[in-house]
Each structure stands twice: as C-alpha cells, then as structure tokens.
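Colleague: Below you'll find the structure I mean.
The values are calculated or read from the model by the stated rules, or taken from the named source; none is laboratory data. Just so it is clear, the structure is predicted and the values come from calculations on it, not from any experiment. Positions of Cβ are backbone-derived with ideal geometry, glycine not excepted, and every protein chain shown enters the neighbour counts.
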Amino acid sequence: MSSKKIVITGGPGTGKTSLINELIKRNYICLEEISRQVILDARKEGIEQLFLTNPLLFSERLLESRMAQFQEANKIEKPFVFIDRGVPDVLAYMDYANESYPKNFKDACQVCRYDQVFVLAPWQDIFTSDSERYENFDQAVQIHEQLLNTYKKHQYNLINIPFDTIENRVDYLIDTLNKL
C-alpha cells in the first residue's frame, strides 16, 4: 500500500506552509517546500537570488528535488502524504517568468502524477514578503493563475481551499479527502 500523494499548491504567501505545519501538528505525514532550501544553498555559493540570476539552473535543481520527494512519497505507507508544491509548480514558475525549459520538465509531470491537488488562492490579508519571497501581491496573483493553468494542462482536478482559519482550512482539506 502506498500513500495517496496530495499536493498543496498556490502562489507565494497563500498559507501553504501554515497548512502543512497544522497537518504535521495533527500527525499527518508531510513533505515540506524545498525551494527555500535551494535558495539557501545557492546563497552559500554566493548567489543571492538564483531564480532571478539563472532560472533554468534553479528550476533544474528544484525539479530534481521534487522528483526525489515524489519517490520518497511512494515509500510511505500511510493513507495520505501531503506535499508542499508538486513538479508542475516548476513549469508554472518558468512559464510565469517566460523562460524556456527542456522537454524533460514536461516529461517529469507525466512520470510524477499526484492523486489530488488542493489550491490556496492569493489572500491579501495574510500575504507577506520575506528574504526568500521576493514577489509582491500582484505577482503572487499572476503566479497563482499560471499554477492553475499548468495543473489544468496536465489534467488535474483542482480543489480550492476556502479562506478561513488555518484549523478550518485543514478540516476542509481532510473532510474533502475523506469524501473522495
């Protein structure tokens, strides 16, 4: 028995990390967002914003890590494993930045198929920037639209998580999954 792989996606600052943290608190297995680690690793190499400096290199590193995360999820034997962003997010960000990428990026989306995708929409009330998040709210909205387009292009049924407290958002997510 392998777990159902559940992606939580959305533009920057939509509450994904808070949702994942609440799921962890409730003893669910979660694989956390890895782009911050790629950013921090690049900073150790002296590159302040790798995605802005070399989007393809950043995205290649991210794609490799997300594919490894997918394989890790395959080994987990629980009903669900929640993943903060999936492989299609890499393509969505590249498309948002109007950058080209090799065919293996699209191939990875076919190899790494998730069981369900939940989306958190941009929410101005909770949006903040930090040292790893350089986007403003308008850019977050544009990225969100690109994420929706990319996941739909790869034939995913997207379920929106409504604005609410983090506890109620997690309740909605779990209730919805149990009804599928």
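Colleague: Here is a list: Glu48, Glu33. Which entry is within 19 Å of the chain's Cα centre (by Cα), charged (D, E, K, R) and over 16 Å from Arg169 (Cα atoms)?
Modeller: On the way: Glu48 fails: within 19 Å of the chain's Cα centre (by Cα).
The unique qualifying residue is Glu33.
Colleague: Is it the case that segment 120-136 has a residue that's over 25 Å from Thr53 (Cα atoms) and of a type in the set (Val, Ile, Thr)?
Modeller: At the first step, the residues of segment 120-136 found to be over 25 Å from Thr53 (Cα atoms) are 120-126.
Still in the list and also of a type in the set (Val, Ile, Thr): 126.
Yes: segment 120-136 contains one or more residues that are over 25 Å from Thr53 (Cα atoms) and of a type in the set (Val, Ile, Thr).
Colleague: Looking at (1) farther than 20 Å from Tyr151 by Cα; (2) buried (at least 16 other Cβ atoms within 10 Å of the Cβ); (3) modelled with pLDDT of 95 or more, can you tell me which one Ile8 breaks?
Modeller: Every listed condition holds for Ile8 apart from (1).
Colleague: Can I ask one more? Pairs only if they're at least six apart or on different chains, beta carbon under 6 angstrom, first in segment 23-46 and without any contact (Cβ under 8 Å) to a residue 24 or more places away in the chain, second assigned to a helix (DSSP H, G or I); list them, first residue then second.
Modeller: Sorted first by the residue in segment 23-46, then by its partner, the pairs are Ala42/Leu50.
Colleague: Within segment 105-118, is there a residue that is touching a Gly at 6+ places or on another chain (Cβ under 8 Å) and charged (D, E, K, R)? Walk me through how you get there before you give the answer.
Modeller: Quick first cut of segment 105-118, residues touching a Gly at 6+ places or on another chain (Cβ under 8 Å) only: 112, 114, 117.
Then keep just the ones that are charged (D, E, K, R); that gives none.
No, the conditions are met nowhere in segment 105-118.
Colleague: Just to be sure I understand, how many residues within segment 86-113 are polar (S, T, N, Q) and surrounded by 17 or more Cβ atoms within 10 Å (Cβ to Cβ)? Reasoning before the result, please.
Modeller: Going through segment 86-113, the residues polar (S, T, N, Q) turn out to be 98, 100, 104, 110.
Imposing the further condition that a residue be surrounded by 17 or more Cβ atoms within 10 Å (Cβ to Cβ) reduces the set to none.
Residues that pass the stated criteria total 0.
Colleague: So, one more: Take segment 83-125 and flag every residue that is closer than 20 Å to Ile159 by Cα, hydrophobic (A, V, I, L, M, F, W, C) and in a loop (DSSP other than H, G, I, E, B).
Modeller: Hits for segment 83-125 are Cys112, Ala121, Trp123.
Colleague: Any residue at all in segment 56-72 that is under 25 Å from Leu173 (Cα atoms), charged (D, E, K, R) and part of a loop (DSSP other than H, G, I, E, B)?
Modeller: Checked against the condition, which is being under 25 Å from Leu173 (Cα atoms), charged (D, E, K, R) and part of a loop (DSSP other than H, G, I, E, B), segment 56-72 yields no hits at all.
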